1. Positive end of the dipole of the chain, charges at C-beta (+1 Lys, Arg; -1 Asp, Glu), about the Cα centre: which of PHE213, GLY39, LEU188 has its Cα farthest in that direction?
2. Which aspartates and glutamates, if any, have their Cα less than 17 Å from the Cα of LYS208, not counting same-chain residues under 8 positions apart?
3. Under 13 Å from a point placed 7 Å out from the Cα of ASN143 along the Cα-to-Cβ direction: which residues of region 24-41 have their backbone N that close?
4. If you take every residue apart from THR109 with its C-beta less than 15 Å away from the C-beta of THR109, what net charge results, scoring Lys and Arg +1 and Asp and Glu -1?
5. For the chain, taking Cα atoms only, what is the radius of gyration to one decimal and the Dmax to the nearest whole Å?
6. Could you list the residues of region 203-237 with an amide nitrogen less than 17 Å from a label point located 7 Å from the Cα of ALA59 in the Cα-to-C-beta direction?
7. Which residue, ILE152, ILE113, ILE205, has the most motion in a Gaussian network model of the chain that connects Cα atoms within less than 10 Å?
8. Evaluate Rg over Rh across region 127-271, taking Cα atoms for both radii and Kirkwood's formula for Rh.
Amino acid sequence: MIAIIGAGPAAMGAAIAIGKNAVMLERNPVPGKKLLLSGKGQCNFTNACDSEAFQRALAEFRNWLKPAFYAFDNRAFIRLLEDAGCPVLIRDDDKVFPQSMKAGDVRDTLLKIALGGGASLITDCRITHIEAVSDGFRLVAANGKRYQARKIIIAAGGAAWPLTGSDGSSYRLAASLGHRVLKPRPALASVRIKDYSPFSACAGIALKTRMSFGKNRAEGDLLFTHTGFSGPVILNNSRFLQVDDQIRLLLVDGSALSALLRRHPKKQLSSILPMLALPQSLAFAICRHLKIPAGTMAAELQASPRKLLESWLGSAPFRISALESLATAMSDFGGVDLKEVNTKTMQSRLTPGLFFAGESLAYSLPTGGFSIQMAFSTGYLAGKNVNSI
Ligand SMILES: Cc1cc2nc3c(=O)[nH]c(=O)nc-3n(C[C@H](O)[C@H](O)[C@H](O)COP(=O)(O)OP(=O)(O)OC[C@H]3O[C@@H](n4cnc5c(N)ncnc54)[C@H](O)[C@@H]3O)c2cc1C
């Protein structure tokens with residue numbers, strides 16, 4: 001038997017590649033609990049951008065993940081689901097969902113393909129110990145059951161959103177087998193902002209913005225929440241952010257404001273700021289934050305508040321008071337050190353017969369369907385190599 005720990009997308013990718021002899025050992029009564037939550041229950045399972053753009057999105061993990069992407073890319077994933085009776089919907093922004101917009105359809109279809117190909121699934125089976133022995137591995141489950149496997153694939157996920165079952169087990173099992181594990185920190189996490197109260201009424205506002213933090217620059221959609229910021233530009237960079245870091249947002253080019261102030265001397269600031277595509281409630285919040293009355297007419301705005309407003313809009317500083325915790329972050333950055341895993345096979349460089357896939361590995365990807373795709377792809381690559389090595 002080839003034991004696959006977990007039954008999320010990485011495990012299902014492996015089970016589909018292996019076929020018979022593959023056994024998924026899943027701690028929950030049902031497989032793919034995190035998959036069911038994904039994309040707000042709609043499951044944005046991949047991204048339809050072209051191969052080059054997809055690989056660019058993998059950022060610093062691009063080279064490492066390339067063999068997995070080539071082994072099973074986004075087109076192959078879409079085809080697999082469609083051929084098995086799960087039509088997909090490709091949105092204008094290239095995010096791909098099941099046409100039904102039900103994550104359960106993706107989970108059920110992948111499971112059907114895996115089981116149809118001869119793999120099997122054992123649920124309520126939390127693996128607590130793995131021992132490498134001369135003819136493979138011995139596994140022990142929390143319920144006392146023991147299993148003997150020729151080879152194993154650890155696909156038990158990361159440490160984010162542990163209520164789904166992915167509570168860092170992968171990391172503990174890998175460490176017990178001698179692997180170096182990078183300590184997980186929240187990734188795809190929103191941030192809380194210090195002294196945010198003037199902006200709490202802006203919750204729900206989404207803007208395109210440029211953000212800078214330290215020497216880094218990023219661009220994308222920002223979402224105001226009741227306590228701080230979320231949206232892709234924050235989520236995708238959250239693994240680089242820490243409490244007390246300052247981020248700066250380019251909300252509006254300051255010179256555009258000067259031109260409008262000159263053109264509309266009798267208009268109030270609360271009417272001029274929305275002309276710069278800033279929603280009214282944000283205009284009021286900015287004025288409150290900068291202590292400039294929103295009713296001030298353009299002609300009456302003194303030089304010093306005008307300069308303050310112009311420079312603030314061009315580089316609005318916000319300080320982070322907290323990052324969303326692992327309890328509800330969508331992902332974590334941490335896990336099995338990539339240096340100890342062969343990128344071409346997903347096999348451990350330390351223990352022959354031991355493979356890793358998905359979020360058990362120390363990579364972190366942006367929102368947009370990249371995480372589920374690469375969980376499946378790394379699982380598939382591991383599965384393909386399990387039989388041939
Ligand atoms: C709220 C939310 C929304 C998301 N939305 C998206 C999205 O729209 N698009 C996207 O690409 N990504 C999304 N993600 C991320 C995506 O879900 C993960 O990247 C993906 O599920 C990782 O797959 P995996 O198979 O590696 O791990 P998981 O899906 O976490 O699967 C691991 C499995 O292993 C099981 N397990 C854990 N420990 C043990 C053990 N000791 N013994 C046996 N079984 C065990 C778990 O119960 C689980 O079923 C989202 C994540 C969250 C939390």
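1. PHE213
2. ASP92, ASP93, GLU219, ASP221, ASP253
3. Those under the cut-off are 25-30.
4. That sum, taken over residues with Cβ under 15 Å, equals 0.
5. When restricted to the Cα atoms of the chain, Rg and Dmax are 24.4, 85 Å.
6. It comes to 209-223, 230-237, nothing else.
7. ILE205
8. Rounded to two decimals, Rg over Rh is 1.24.
Rule-based calculations on the coordinates, nothing more; no lab input. The model shown is predicted, which means the values in this text are computed figures rather than measured ones. Positions of Cβ are backbone-derived with ideal geometry, glycine not excepted, and every protein chain shown enters the neighbour counts.
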